């Protein structure tokens, strides 16, 4: 399963897909720009979900296991996307 990441993860490994960097004193090709755009579009929903989870107080004060909180987060986000 490919991991989609932003430019901060360039060089993290072959399994991490990151945007193409602009070459020194050059420009990206149209293909590279299109791939970067598609990568950004694919990452956007996940970034929004993470931001939404971080804003909820319940996750800041949780006193249960991380596995349980992961299940709760998945359930809440799934439910929210249905509406």
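Axis of helix 66-81 versus longest Cα principal axis of the chain: the two differ by about 80°, to the nearest ten degrees.
From helices alone, the chain scores -18000 deg cm²/dmol at 222 nm; the rule is -39500 (n - 2.57) for each run of n ≥ 4 DSSP H residues, then divide by the residue total. Site pair residue 55 and residue 68 shows an inter-label distance of 2.7 nm when each label is modelled 7 Å from Cα along Cα→Cβ.
One Cα centroid belongs to the range 1-37, the other to the range 59-83; the line between them spans 31 Å. When Rg and Dmax are taken over the Cα atoms of the chain, they come to 17.0, 52 Å. Using C-alpha pairs below 8 Å separated by at least 6 residues, the relative contact order for the chain is 18 percent. Just round it to a whole percent: the fraction of Cα-Cα distances in the range 44-83 exceeding 11 Å. Tail of the P(r) past 11 Å holds 67 percent of the pairs.
Maximal additional length on extending the residue 38-residue 8 stretch stands at 9.1 nm, based on 0.36 nm per residue less the C-alpha distance.
How tilted is helix 30-55 with respect to the longest principal axis of the chain? Cα atoms for both, answer in degrees (0 to 90, nearest 10). The helix 30-55 is inclined about 20 degrees to the chain.
Read-outs: derived from the displayed coordinates by stated rules, not from any lab. What you see is a predicted model; the values in this text were computed from it and never measured. With ideal geometry, Cβ positions are generated from the backbone for all residues, glycine too; neighbour counts draw on all protein chains shown.
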